[in-house]
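Down below is the structure, laid out as structure tokens.
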Amino acid sequence: MNFSSKLLEDAVNEFAKLPGIGKKTALRLVLHLLNQEKEEVTQFGNAIITLRQEIKHCTICHNIADQDICTICASNKREKEIICVVEDTRDVMAIENTAQYFGVYHVLGGLISPMDGVGPSDLFIDSLVQRVATTTVKEVILALSATMEGDTTLFYLYKRLKDFQIPITTIARGIAFGGELEYADEITLGRSIVTRVPYESSIIK
């Protein structure tokens, strides 16, 4: 791709680093910004810079937040005794959109994946165990994607938590194997939360 401007080329290359964005799409986005008022582009740029500089992670659940404690953990309307364990913030948003869940969350920050060099120590698993050990917890819901990495993480979490003698459930498999939570439709995901089952009964023996 030939560019008439080095500034244009640099901007396109930066946009092309984003997931799912190729050079042609990046060029279209950059040209769109060039057609906007300078104030709008400045506002866009400042929003990204401020996001990166000021964003926090909740000290309780590790969800993305504006403050040290996220709005979900801070809310008096949530059932603090029920913890839904998810891979990342996208899954929190997906479940929240169902309006079927009223507990709190624990964001792992990924899934166990030996092929990618991601082990249990790379995730927020120890802090989950600590939450269960030091607070009143009535149920832990393991809401992870139905993939090989998700199932590996599910089994590891179950082994770490089973001795606490609390219900450990997993979402019903209305989610197809290989599917990721963020792409599930709200009705299917909502039903899978409501009709969750004990994890132990889902293990193939």
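The values are calculated or read from the model by the stated rules, or taken from the named source; none is laboratory data. Keep in mind the model is a prediction, meaning the values are calculated, not measured. Every residue, glycine as well, gets a Cβ built from its backbone with ideal geometry; the counts of neighbours run over all protein chains shown.
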Requested in this report: For Ala47, state whether it is surrounded by 13 or more Cβ atoms within 10 Å (Cβ to Cβ) and either free of Cβ contacts under 8 Å to residues at least 60 places away in the same chain or not hydrophobic (A, V, I, L, M, F, W, C) (or both).
Outcome: no
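Being farther than 30 Å from Arg196 by Cα and in the same structural domain as Ile168 (by TED's automatic domain parsing) is the requirement here; does Gly109 meet it? Please lay out each step first, then the result.
Numbers: farther than 30 Å from Arg196 by Cα: no; in the same structural domain as Ile168 (by TED's automatic domain parsing): yes.
Against the criterion (farther than 30 Å from Arg196 by Cα and in the same structural domain as Ile168 (by TED's automatic domain parsing)), Gly109 does not qualify.
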Report task. State whether one or more residues within segment 147-156 are surrounded by fewer than 17 Cβ atoms within 10 Å (Cβ to Cβ), at pLDDT 95 or above and either within 18 Å of Cys61 (Cβ to Cβ) or out of contact with any His (no Cβ under 6 Å at 6 or more places or on another chain) (or both). Result -> yes
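Output the residues belonging to segment 87-103 that are buried (at least 17 other Cβ atoms within 10 Å of the Cβ) and at positive phi.
none
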Report summary line: Scanning segment 79-112 for residues that are in contact with a His (Cβ under 6 Å, 6 or more places away or on another chain) and farther than 18 Å from Leu154 by Cα gives none
Report task. Mind telling me which of the residues Phe44, Phe3 ends up being among the aromatic types (Phe, Trp, Tyr), more than 30 Å from Ile141 (Cβ to Cβ) and not in a helix (DSSP H, G or I)? Result -> Phe3
Query - segment 104-128, residues that are more than 15 Å from the chain's Cα centre (by Cα) and on the phi > 0 side of the Ramachandran plot - result: Gly117
Requested in this report: Among the residues of segment 68-86, count how many are loosely packed, with under 11 Cβ neighbours inside 10 Å and without any contact (Cβ under 8 Å) to a residue 12 or more places away in the chain.
Outcome: 1
Report task. Kindly check whether there is at least one residue in segment 25-33 that is out of contact with any Phe, Trp or Tyr (no Cβ under 6 Å at 6 or more places or on another chain) and either modelled with pLDDT under 95 or small (Gly, Ala, Ser) (or both). Result -> no
